[in-house]
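See below for the structure under consideration.
The values are calculated or read from the model by the stated rules, or taken from the named source; none is laboratory data. Quick caveat, the model's predicted, so the values are computed rather than measured. Virtual Cβ from ideal backbone geometry, glycine too; neighbours counted across all protein chains shown. With ligands, DNA and RNA removed, areas are computed over all heavy atoms of the protein, side chains included. Shrake-Rupley method; radii C 1.70, N 1.55, O 1.52, S 1.80 Å.
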Amino acid sequence: MSRKLISSGSPFEAQVGYSRAVVQGDWCFVAGTTGTDPETKAMPESVVDQGVNALKVIGKALEDAGFTFADVVRVTYYITDPAYWDELGKATAPVFGEIRPAASCIITGLIKPEMKIEIEVTAFKG
């Protein structure tokens with residue numbers, strides 16, 4: 001079974017030693033992705049804008065791996081404040097509303113204080 005590593009070009013990938021995504025057989029595992037704007041590298045203030053940005057990066061990783069959001073079977077949201085849950089759907093429902101993958105949400109701290117959300121997904125084609 002072949003293994004394919006997908007990079008987004010983030011300096012953290014080499015620094016920490018991870019891939020944005022790993023394809024193993026019919027599975028694609030996308031690493032936790034925060035909300036930095038992929039073009040400007042700025043971190044927006046709102047959790048919705050951060051969620052939109054994270055999903056852009058995830059979508060690109062899935063595409064590079066030969067998958068789409070329609071292949072996502074599992075999503076995990078990490079948010080720093082439970083109040084963000086009520087806002088999160090503005091970013092996620094347009095992407096996952098019809099797909100409806102299994103989901104979990106964990107309230108936790110993230111590695112930088114301006115980070116409000118991190119999203120990871122698992123996709124399957126088979």
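Numbers at a glance
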{"item": "Top-ranked residue in the stretch 16-29 [being of a type outside the set (A, V, I, L, M) and in contact with a strand residue (DSSP E or B) (Cβ under 7 Å, 6 or more places away or on another chain); ranked as least open to solvent (accessible area, probe 1.4 Å)]", "result": "CYS28"}
{"item": "Residue under evaluation PRO101, criteria (1) touching an Asp or Glu at 6+ places or on another chain (Cβ under 6 Å); (2) within 24 Å of ASP26 (Cβ to Cβ), criterion not met", "result": "(1)"}
{"item": "Unmet requirement for PRO44, which otherwise passes all of (1) within 15 Å of the chain's Cα centre (by Cα); (2) under 18 Å from ILE117 (Cβ atoms); (3) at pLDDT 95 or above; (4) outside any strand (DSSP E or B)", "result": "(1)"}
{"item": "Residue list for the stretch 47-68, restricted to those being open to solvent by 40 Å² or more (accessible area, probe 1.4 Å) and closer than 12 Å to ILE119 by Cα", "result": "VAL52, LYS56"}
{"item": "Candidate set from the stretch 74-100 (those that are closer than 22 Å to GLY126 by Cβ and within 13 Å of the chain's Cα centre (by Cα)); member that is surrounded by the fewest Cβ atoms within 10 Å (Cβ to Cβ)", "result": "ARG74"}
{"item": "Odd one out for GLU13 among (1) among the charged types (D, E, K, R); (2) open to solvent by 80 Å² or more (accessible area, probe 1.4 Å); (3) free of Cβ contacts under 8 Å to residues at least 24 places away in the same chain", "result": "(2)"}
{"item": "Subset of the stretch 105-126 (residues that are small (Gly, Ala, Ser) and open to solvent by less than 40 Å² (accessible area, probe 1.4 Å))", "result": "ALA123"}
